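Below is one structure, written out as structure tokens; the observations come after it.
The values are calculated or read from the model by the stated rules, or taken from the named source; none is laboratory data. Note that the coordinates shown come from a computational prediction; the quantities given were computed from them, not determined experimentally. Note that we place each Cβ from the backbone using ideal geometry, even for glycine, and neighbour counts take in every protein chain shown.
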Amino acid sequence: LNTLKDKNLLKKIGIMGGTFNPIHYGHLSTAEHIREKFELDKIIFIPSSDPPHKNYSLVIDKIHRYNMCVLGTYTNSNFYVSDIEIQRGGKSYTVDTLTEIKQIYTHSKVYFITGADALCEIETWKDVSGLFQKAIFIGATRPGFIFEKVKDQVSYFIQKYNAQIFFEKVPLLDISSTELREKIKNFQTIKYLLPEDVEKYIDKYKLYR
Ligand code: ATP
Ligand code: MG
């Protein structure tokens, strides 16, 4: 990332954090939809190291997750993958990642993309006020999301933290990594739910079996 010549010319950077265990079309179509809608110059996918909110034993090697992110995004000229969380190691906290990103992209606006459900639980994350200071948050709404239910909470975030929050309805792709891992384990097809190259990679290394 440090070697990118255009780093300070970019104005709007989207950050897509996640376990990506594995990356799938839900992540990719969400990122692409938001990139276009918010006119972001690029989206950086950042696979986590040891995820703080998940049972660690269920998450396969971070290098595999990183490689699958690269394979899943290389055909999109606006998509990049960063290993900053993997390099940092230990538990990955979004606030630390945003601090690093802000140091690299000093003149850019940073947008953090996350599921609307996760966004509503942001007070369980490390340093909430730091998070809202460093980035504009975009909550991607998944099937069944009702804005009325979170309206009060959002106003509270805005008042308390001076937060900048958007909700964006993304094309409904009801795919989750959990469901994919289950399917692989049960020898069911995962075709058309994730990029073919990622599928081949999973086959090659016999992941999730
Ligand atoms: P898991 O089932 O293991 O929790 P996941 O499919 O939810 O995996 P994550 O890596 O946890 O994937 O998600 C990364 C980000 O992508 C999160 O912000 C999550 O809310 C969002 N996301 C995941 N699946 C979808 C989907 N189908 N559509 C839109 N956003 C999604
Ligand atoms: Mg999830």
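The table for this structure:
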| item | result |
| --- | --- |
| Members of region 125-147 that are over 15 Å from Gly17 (Cβ atoms) and modelled with pLDDT under 95 | Thr141, Arg142, Pro143, Gly144, Phe145, Ile146, Phe147 |
| Residues located in region 129-153, provided they are more than 16 Å from Lys102 (Cα to Cα) and either among the basic types (Lys, Arg) or touching a residue at least 12 places away in the same chain (Cβ under 8 Å) (or both) | Ile138, Gly139, Ala140, Thr141, Arg142, Pro143, Phe145, Phe147, Lys149, Val150, Lys151, Gln153 |
| Members of region 180-207 that are among the hydroxyl-bearing types (Ser, Thr, Tyr) and surrounded by fewer than 18 Cβ atoms within 10 Å (Cβ to Cβ) | Thr189, Tyr192, Tyr205 |
| Matching residues in region 17-43 - criterion: being near ligand 1 (Cβ under 8 Å from one of its atoms) and assigned to a strand (DSSP E or B) | Gly17, Gly18 |
| Residue within region 117-130 that is part of a loop (DSSP other than H, G, I, E, B), of a type in the set (Lys, Arg) and closer than 25 Å to Asp61 by Cβ present | yes |
| Residues (within 27 Å of Leu40 (Cβ to Cβ), away from ligand 2 (no atom under 16 Å from the Cβ) and at pLDDT 95 or above) located in region 169-193 | Tyr192 |
| Condition broken by Phe167, with the remaining ones in (1) assigned to a loop (DSSP other than H, G, I, E, B); (2) out of contact with any Pro (no Cβ under 9 Å at 6 or more places or on another chain); (3) of a type outside the set (D, E, K, R) satisfied | (1) |
| Where Asp96 falls short, out of the listed (1) within 16 Å of the chain's Cα centre (by Cα); (2) under 23 Å from Thr30 (Cα atoms) | (2) |
| Matching option when the condition is crowded, with 17+ Cβ neighbours inside 10 Å and either within 25 Å of Ser82 (Cα to Cα) or at pLDDT 95 or above (or both), among Ile101, Ile158 | Ile101 |
